[in-house]
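Undergrad: Could you have a look at this structure, given as structure tokens, before my questions?
The values are calculated or read from the model by the stated rules, or taken from the named source; none is laboratory data. Since we're looking at a predicted model, the values are computed, not measured. Here the Cβ positions follow ideal geometry from the backbone for every residue, glycine too, while neighbour counts run over all protein chains shown.
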Amino acid sequence: MTVHAEPVAELPDPADYGLTVVEAEALPAELIALVDQVRALADAVAHTEADPAELAEAGAAVAALTERLGATRRMTGAMLRQRHPDGRIEYNTLTNLVSGPVNPTAPPLELTEADGGLRGEVTLNGTYQGPPGLVHGGWIAAMLDQALGAAAGVAGMPGLTANLTVDYRKPTPLNAPLTVTSRVTGTERRKVFVSAEIRHNGEITAEGTAIMVQIALPG
Ligand SMILES: CCCCC/C=C\C/C=C\C/C=C\C/C=C\CCCC(=O)SCCNC(=O)CCNC(=O)[C@H](O)C(C)(C)COP(=O)(O)OP(=O)(O)OC[C@H]1O[C@@H](n2cnc3c(N)ncnc32)[C@H](O)[C@@H]1OP(=O)(O)O
């Protein structure tokens, strides 16, 4: 494959695209803890057999909390900036569906640099269910897409997914540790070729490849 694309010398600052930037260390620990509580709440709601009176009471309590927390609201596209001790800077959308630290719908999947790419561990609860006891195929694709996009991003070539291919090799279990890995495999003009896998007990359950097209620099 011809290699033409160049990592951007310095990642574009999302503020130059008109986006709010939040420093990772500015996120209150209480917010992270609340997000975790809401994840557990979603799982409890999805599986509860509580009686109608208790459900009505819980619904009213949640509605009151929603109103209270909704009173102050960040912009939708806010970006998270992480400054690493070695000077590297990483950006992610704060409420990213797969790995946003303040999105209760996102599992706590943190991808960190390893073996020339990215690696992360995640255990998915029953709210990610497709077939009984198994992770939903659309969610598997979402996790692969994120790992693929983030691999291009940390390599200094952030872009949008133009094309995504997923192969489901084995059923991916719920409530079991999964490993997600990804890396850049090549570049051609603005195209960045990436590949990723999800493993359980060392065996690949799903793998994907994508073409990410590098975003245009502001201005
Ligand atoms: C807003 C930015 C804020 C600042 C950000 C700063 C830092 C961010 C850093 C890191 C971010 C980190 C992590 C993000 C992680 C994950 C996010 C998950 C990924 C997603 O969730 S992302 C959402 C879904 N995604 C879309 O919403 C894309 C919709 N789409 C489009 O926006 C356009 O479609 C686009 C831009 C893709 C291309 O449009 P375009 O006009 O720019 O480029 P063009 O068409 O000229 O194509 C150029 C070359 O790509 C080839 N090409 C194009 N399409 C192809 C296809 N389908 N298959 C095969 N090849 C294809 C052409 O053939 C040509 O190839 P060649 O060079 O060989 O001619």
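Undergrad: Looking only at the stretch 111-133, decide whether some residue is in a loop (DSSP other than H, G, I, E, B) and within 16 Å of the ligand (Cβ to nearest atom). I'd like the intermediate steps shown before the answer.
TA: Quick first cut of the stretch 111-133, residues in a loop (DSSP other than H, G, I, E, B) only: 111, 115-116, 124-125, 130-133.
Then keep just the ones that are within 16 Å of the ligand (Cβ to nearest atom); that gives 111.
Yes, there is a match, as at least one residue in the stretch 111-133 is in a loop (DSSP other than H, G, I, E, B) and within 16 Å of the ligand (Cβ to nearest atom).
Undergrad: Within the stretch 32-61, track down each residue that is outside any helix (DSSP H, G or I) and exposed (fewer than 11 other Cβ atoms within 10 Å of the Cβ). If you could, list the steps in order and put the result at the bottom.
TA: Here is the first cut: in the stretch 32-61, the residues outside any helix (DSSP H, G or I) are 48-51.
Result: GLU49, ASP51.
Undergrad: Only one of (1) modelled with pLDDT of 95 or more; (2) under 28 Å from VAL184 (Cα atoms); (3) not basic (Lys, Arg) fails for ALA9. Which number is that?
TA: With (1) modelled with pLDDT of 95 or more; (2) under 28 Å from VAL184 (Cα atoms); (3) not basic (Lys, Arg) applied to ALA9, the lone miss is (1).
Undergrad: Do you know which residues across the stretch 181-219 are aliphatic (A, V, I, L, M) and within 14 Å of TYR168 (Cα to Cα)?
TA: Step one: of the stretch 181-219, the residues aliphatic (A, V, I, L, M) are 184, 192, 194, 196, 198, 204, 206, 210-213, 215-217.
Result: ALA196, ILE198, ILE204, ALA206.
Undergrad: Check off (1) closer than 23 Å to VAL213 by Cβ; (2) in contact with a strand residue (DSSP E or B) (Cβ under 7 Å, 6 or more places away or on another chain); (3) small (Gly, Ala, Ser) for GLY137 and give me the number that stays unchecked.
TA: Going through (1) closer than 23 Å to VAL213 by Cβ; (2) in contact with a strand residue (DSSP E or B) (Cβ under 7 Å, 6 or more places away or on another chain); (3) small (Gly, Ala, Ser) one by one, GLY137 breaks only (1).
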